[in-house]
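Participant: One structure, pasted below without further comment.
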């Protein structure tokens, strides 16, 4: 999924400096009270950071219902980022704008050299939908938190251990739920945003139909997906609820597919475990 880059680096630098001068001139210490200690790019990242951060205040730039691919920065967002002690993002191909706005500083949960982008042009970079990828990312996050607050390091590590136990527990629970419920012979994915979840829990899938919300498929690739779905009796397509789905809805109507909407960012979830369970619920409440 291509990075949505709205600004050239030089433009970003000028904008950051301008915002700092205009919006922080004359600011008092009281104005900064309540500012997040940790600023995250998207809700899914905050769901991973908060259980480990404990009493540290965690904020999120991207607001509910907004796609990271359509995000336009606001001055207040940039001020929050500058005031935060730690900046945490997911992956450059999802929220690359966050690193640009921060001048390249901050911690990336799913580093490209650690989390390979297997799958070529259709690789799913929404690593957080796979609980095993999150478990793999936790040690690096703990190290970043310990560097920020050495005195809190033992507590960060304890909370990380407890969080890991909960992730393993919900993973086992989801496996059991999916094994006991019929989610159909397979599902079609509109874009590669939940493929890692489906693969982790061995849900058969076809697609994605297109590599990103901004690109419609070629006639040849679309025909191939439709034909494979017909041969394998796939009758559900999974859509993102944060993007325009006009094309996919029309495709579903013409193909006789039922639609399953999934929040790819965890905007409505109150915990990471809840986010995973919400995807599970979407898959198992549609019927066959």
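Throughout, read-outs are computed from the coordinates displayed, never taken from laboratory work. Quick caveat, the model's predicted, so the values are computed rather than measured. Neighbour counts are summed over all protein chains in view; Cβ atoms, including those assigned to glycine, are modelled from backbone coordinates with ideal geometry.
Participant: Quick check: from the Cα gyration tensor, does the stretch 134-288 come out rounded (a/c under 1.5), prolate or oblate?
Facilitator: prolate
Participant: Same structure, new question: Hey, with R₀ at 41 Å, roughly what FRET efficiency would residue 166 and residue 230 work out to, going by the Cβ-Cβ distance, to 0.05?
Facilitator: 0.50
Participant: Further question: Taking a ≥ b ≥ c as the square roots of the eigenvalues of the Cα gyration tensor of the stretch 134-217, is the shape rounded (a/c under 1.5), prolate (a/b larger than b/c) or oblate?
Facilitator: It comes out oblate by the Cα gyration axes.
Participant: Something else now. Let me know the shape class of the stretch 206-251, please: from the alpha-carbon gyration tensor, a ≥ b ≥ c as square roots of the eigenvalues, rounded when a/c is under 1.5, otherwise prolate if a/b is greater than b/c, or oblate.
Facilitator: oblate
Participant: Sort 43-51, 129-137 by the packing proxy (mean of other Cβ within 10 Å over each peptide's residues), most packed first.
Facilitator: Per-residue mean Cβ counts within 10 Å order the peptides as 43-51, 129-137.
Participant: What order, most packed first, do the peptides 151-161, 215-225 have when packing is the mean number of other Cβ atoms within 10 Å of each residue?
Facilitator: On the way: 151-161: 14.9, 215-225: 13.4.
Ranking the peptides 151-161, 215-225 by packing returns 151-161, 215-225.
Participant: If packing is taken as the average count of other Cβ atoms within 10 Å, what order do 266-275, 164-173 fall into, highest mean first?
Facilitator: Descending mean neighbour count gives 266-275, 164-173.
Participant: As an exercise, use a Förster radius of 41 Å and the Cβ-Cβ distance of residue 132 and residue 74 to find the FRET efficiency, rounded to the nearest 0.05. Mind dumping the intermediate values first?
Facilitator: Numbers: r = 35 Å, r/R0 = 0.85.
The computed FRET efficiency comes out at 0.75.
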